[in-house]
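Just below is one structure, and these are the notes that go with it.
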Amino acid sequence: MPYTIAVLVGSLRSESINRRLALALEKLARGKLVFDYASLGDLPLYNDDLWQDGRAPEPVMRLKDVIGQADGVLFVTPEYNRTVPGLLVNACDWASRPYGQSSFEGKPAAAIGASVGAIGTAMAQSHLRSNMLGLGLVPMGRPEAFIHWKPDHYAEDGSISDEATKAFLQSFVDSLAAHVERLS
Ligand code: FNR
């Protein structure tokens, strides 16, 4: 049985390179992992007042369900101003609450990200890794995946034309599957 992975993509852009990267990973992971994409664009900004009797607005409850029912979590993050985009931070804040009922608790997790910049989201992922520990997630150590985006390597249907990139991303999803299996 493949493991289910809650996938949080930190961009809403229709032409997002990080969404394109997630689709490429999904294709490589077939048979081992099933990707369940969380919807982040309809979440309100975090506000403690929106919790009423343990429930928050529906988009929040759906997010908590997607994460809660998954065997693991994958963040596919852009880097904004050398850190994690607000979209992802907001989603993490919601999913971590109410206090003591974090949807993330004890789940295996990994981060990857693509940027047009040379460091390929390294700073954002460094911050995200420490956030993951605070959220109760168990981050995969290696491989680290800082993707310097080359548009001609990735097709719209998720296939990858560059063999070295494909092999590296295959090793990333295989390691994630092994990480989830170890903790399941
Ligand atoms: C960026 N970008 C960017 N890139 C980077 O490598 N380091 C950075 O700190 C930033 N900062 C940043 C801030 C803001 C507000 C924006 C909108 C963009 C560029 C970013 O890598 C590029 O826009 C990517 O295409 C964003 O990912 P998606 O949306 O294509 O997935």
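With only Cα atoms counted, the stretch 3-183 has Rg and Dmax values of 15.6, 52 Å. Of the GluC sites (Glu not before Pro) found in the stretch 87-184, the ones in coil according to DSSP and having at most 15 other Cβ atoms within 10 Å of their Cβ are 105, 144, 156. Normalised by the number of residues in the stretch 3-183, the mean separation of alpha-carbon contacts (under 8 Å, six or more apart) gives a relative contact order of 26 percent.
Residues with beta-carbon under 12 Å from that of residue 101, excluding residue 101: net charge, scoring Lys, Arg +1 and Asp, Glu -1? Residues near residue 101 contribute +2 overall. From least to most packed, judged by other beta carbons within 10 angstrom and beginning with the fewest, 1, 140, 123 follow the order 1, 123, 140. Pairs exceeding a 21 Å alpha-carbon distance, out of 27/150; 64/107; 107/150; 32/150; 27/64: 107/150; 32/150; 27/64. Annotation: aspartates and glutamates with alpha-carbon distance below 19 angstrom to residue 166 (same-chain offsets under eight excluded): 26, 144, 152, 156, 157, 174.
Shape analysis of the stretch 79-178 places it in the prolate category; the axes a ≥ b ≥ c from the Cα gyration tensor give an a/c of at least 1.5, with a/b above b/c. The long axis of helix 86-95 is offset from the longest Cα principal axis of the chain by roughly 50 degrees. Rounded to the nearest 20 debye, the dipole size of the chain about its Cα centre is 320 debye, using +1 on the Cβ of Lys and Arg and -1 on the Cβ of Asp and Glu.
In degrees from 0 to 90, rounded to the nearest 10, what is the angle of the helix 58-69 Cα long axis to the longest principal axis of the chain? Compared with the principal axis, the helix lies near 60 degrees.
What do you get for the angle between helix 122-135 and the principal long axis of the chain? Use alpha-carbon atoms, 0 to 90 degrees, nearest ten. Taking Cα atoms only, the helix is inclined about 40 degrees.
Only the coordinates and a few stated rules stand behind these numbers; no lab work does. Predicted model only: the values in this text are computed from it and were never measured. When we count neighbours, we look across all protein chains shown, and the Cβ atoms used for this are built from the backbone with ideal geometry, even at glycine.
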